[in-house]
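A short worksheet on the structure shown next.
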Amino acid sequence: MTIRRVRTLLGGTALVAGAALLAACSGPAPVPPPVPPTPSPTSTAAACPKSGVDITAGQVDSAMGLRALGISLTNCGTRDYTANGYPVVRVLDEDRHPLDITVGNGSSPVSAPDSYDVPPRPVTLRPGEQVTARILWRNTVTDSTVRTTNGRYLEIAPAPGEPAQIIAPSGGIDLGTTGRLAVNDWAVRDLGDR
């Protein structure tokens, strides 16, 4: 057998093996994942409350008994909305009945003042824009003879006299026996800032 014949046989074998490998790899093309549907204006409008604003809550951040919950107010309507001042907050039990809790404006009813404690200023939000606020409380037991207070829901209105929305923070509101929480004003800020 000549060298040329060996090369031809080896080349043919390599060609057959390459073709088999290519055939194995070139099976049916993978199907791309479905594109998420674009919400129609009617479904977006249906998700937005009549007030034109939507209030949501982040995760409860807890450290050494101090709890902080970031909340967001998003203009989901079609017109500008002006947020001004402090959210109106009530703590509700598992049956959505209000608990006897004192709510103070600013951090000082619960914690030392920090970067969140600035004088409230009106913020005009275009559709899709948002402001944030923070709710603070301590899980402290100061009297062992008093039953601890645990809220399940928060009823939050953007301002006095405006419609309230009910949210269910993950983990609830464990106030111990303190009976108070604090609320910072609506402002444009990063919820990661504390």
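The values are calculated or read from the model by the stated rules, or taken from the named source; none is laboratory data. Keep in mind the model is a prediction, meaning the values are calculated, not measured. For neighbour counting, all protein chains shown are included, and Cβ atoms are generated from backbone atoms with ideal geometry for every residue, glycine included. Heavy atoms of the whole protein, side chains included, go into the accessibility calculation; ligands, DNA and RNA do not. Shrake-Rupley method; radii C 1.70, N 1.55, O 1.52, S 1.80 Å.
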(Q) Just to confirm, what accessible area per residue do you get for region 61-173 at 1.4 Å probe, in whole Å²? (A) 55 Å²
Q: Give the Cα extents of region 32-189 along the principal axes, in whole Å, largest first.
A: 56, 38, 34
Q: Using only the alpha carbons of region 49-102, determine the length spanned along each of the three principal axes and report them from longest to shortest in whole angstroms.
A: 41, 27, 20
**Q.** Mean separation of Cα contacts under 8 Å, 6 or more apart, over the residue count of region 79-194: relative contact order %
**A.** 42 percent
Q. Which shape class applies to region 90-152: rounded if a/c is under 1.5, otherwise prolate when a/b exceeds b/c and oblate if not, where a ≥ b ≥ c are the square roots of the Cα gyration tensor eigenvalues?
A. oblate
Q) With labels modelled as points extended 7 Å from the Cα through the Cβ direction, what inter-label distance (nm, one decimal) is found for residue 188 paired with residue 105? A) 2.2 nm
Q. Where does the charge balance sit around residue 84 when Lys and Arg score +1, Asp and Glu -1, over other residues with C-beta under 12 Å from its C-beta?
A. -1
**Q.** trypsin sites (Lys or Arg not before Pro) within region 107-171: DSSP coil, no more than 11 neighbouring Cβ in 10 Å
**A.** 147
Q.
Out of the total accessible area of region 70-194 (probe 1.4 Å, heavy atoms of protein only), what percent is carbon and sulfur?
A. 46 percent
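I want the antiparallel fraction of DSSP beta bridges within region 103-194, as a percent rounded to 5.
Expressed as a percentage, antiparallel bridges in region 103-194 total about 70.
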